[in-house]
1. So what is the relative contact order of region B:188-292, in percent, for Cα pairs below 8 Å that sit 6 or more residues apart?
2. Check region B:188-292 and count each lysine pair with an alpha-carbon distance under 18 angstrom, considering only pairs eight or more places apart or from different chains.
3. If you build a Gaussian network model of chain B, linking Cα atoms that sit under 10 Å apart, which residue out of B:K126, B:K261, B:K106 swings the most?
4. Based only on other Cβ atoms within 10 Å, what is the fewest-to-most ordering of A:R103, A:R58?
5. Using R₀ = 45 Å, calculate the FRET efficiency as 1/(1 + (r/R₀)^6) where r is the Cβ-Cβ separation of A:L259 and B:T97; round to 0.05.
6. State, to one decimal in nm², a quarter of the convex hull surface area for the C-alpha atoms of chain B, i.e. the direction-averaged projected area.
7. Provide B:S217, B:S118, B:S82, B:S67 in ascending order of the number of other Cβ atoms located within 10 Å of each residue's Cβ, fewest first.
8. Explain nothing, just the number: relative contact order of chain B, from Cα pairs under 8 Å at least 6 residues apart, as a whole percent.
Amino acid sequence: MAVQGVEQTILRDPALFYWILFPISIVMILTGILRHYATVLMNSTPRSPSTLAESRERLALLRGVNLRNNACSVLNRESFEMRKNYMISGFRSGAFLKDPNNRGQPPANPMTDPAGMEAMMGMMKGNMMMMVPQTLIMSWINAFFSGFVILKLPFPLTIRFKSMLQSGVMTRDLDVRWVSSLSWYFLNLMGLQSVFGFILGSDNAANQMAQQMGMANPAAMVNPLQPGQDPDKLYLNEAENLEVMEHFCILDGVEERILQNFAPQGI
Amino acid sequence: MAGSISDIRNINGSDLISALHLAQQAPTILGQESQSKSSTASADTAEYYARIEQLLLACLRTGDDQSAQACLNQLSLRFGPSNERIMGLRGLFEEATAKDHSALEKCLQEYDQILSQSPVNVPILKRRVALLRSLNRSSDAISALIQLLDAIPTDAEAWCELADLYQSQGLSSQAIFSLEEALLIAPNSWNIHARLGELLYIDGDALQRSVQHFSRSIELCDDYLRGFYGLTLASSRMLEKSNGSIPKQTLERLKAFGLLKLGEIVKSRSVDDQHWASSRSELIAAKELLNRF
């Protein structure tokens, strides 16, 4: 055990600083920037529906949700019941589906469905973007720099931090304040987010820009359906939600309310 | 600095005066742009292009076709001519510069051709409806719009347009339905509430609902001129008929409240005339109403 109260001193070659600490940090920052731009480059905009029926299939669900959320502030009982019945029967009968004939059949295999395939490719690309550089750099660091103690933190820490700060250095007695090269890599990996925010502009402004103009009509581009999800099931679910809805209307008594809240006394 | 791109205010869609101001600055803005193009890359922001789009619309309204063409070129240079929104803007430009009826027909054919290739091109779908409307083919416009809304039922703008079309054809109950749909998408928009109140008032059967919607519109925006105007009219009409379920005393108070607020609004806005220039006609109407009661 380390002797209490006695400062551990390790004589470090200053070259460790220039040849390990510095390169790791720089490489991490550069890969972060590179990854950002690669993501921007490979980012595929969400696919807009290709036929009117497909668009309807996506948006009918939102219409149901809108009715459920906003009916109370707009509709009187009569028109609410009318819309509710229309939506429920539409959902139940599958009138909003892309092709009502295919109803009840198991959803197409996402591997064969081109739309699902695309979405999966998108996800895959994103994951690869993270995985590949990390694996490479990690193995690079492991091969070249493992086992170095490169840094001493200026503040004391409890023993629990040992596994976080000293991975790759199997020395039981070493004070927790010493940081190994592999741990420095991990710290960089997790902690550089704000640096990227500073360098690249907050929230990756570059890639939103291209989409904004593309989004001619945001309402038309929303897709509540995940790939591989069966819209019919969601519809039935939504129909049930609508069915249990009770009508109430905030327009009832609104005249009294504004008189009370806005009109001056004595009117 | 006058005429710089960042000086462009967000102009009100129906405000002809500020559109004119903006369009007059167009040559300076576009000239500056071509100079500074090489020096600053920071101009490449979404706001910048939104402003250019606004400038394009203002130029088209004021008849400055050359500047409009320059704006359009700049936009399509950045986003490519196959961008849906750019296609819509180009269609708008061609419609606006069309010389005669046959040129408009040609635009319509072009839209049909684009839509046969990509059926869900929303800006073009909307342009087509607007073009049909300006060709005085309202029933075609209505059916095209219904087709659009069947596919995209969450588009409040389209529902409002449909309501307007129905109303112009005298089909008030359909118009009311459409506005209700629009309100379901945007439940807090006081202007749509007031508009719905107006339609209900014109329809005449549901004065109580009309009063309620005007009240709601006031509740959401407590100095909305149209809301107070409608509230005053609708409540006094209800008083004349005296068959609603709102007690008479409440109606009297509503009417008095509406008149009081209208008076205040008219007074404060007449002082600050320039600022409210766009809604001058509304002010005149309000004054006239105040004189009547």
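Any read-out appearing in this document is the output of simple, stated calculations on the displayed coordinates, not a laboratory observation. Predicted model, so just to flag it, every value in this text is computed and none were measured. Heads up, the Cβs are rebuilt from the backbone with ideal geometry, glycines too, and the neighbour counts pull from every protein chain shown.
1. On the way: 108 pairs, mean separation 23.3, N = 105.
The value is 22 percent.
2. Working: B:K241/B:K255; B:K255/B:K287; B:K261/B:K287; B:K267/B:K287.
So the count works out to 4.
3. B:K106
4. Working: A:R103 13, A:R58 22.
Ascending number of Cβ neighbours within 10 Å: A:R103, A:R58.
5. Details: r = 52 Å, r/R0 = 1.16.
With a Förster radius of 45 Å, E is 0.30.
6. Averaging across all directions leaves 17.7 nm² for the Cα convex hull.
7. B:S82, B:S118, B:S67, B:S217
8. 9 percent
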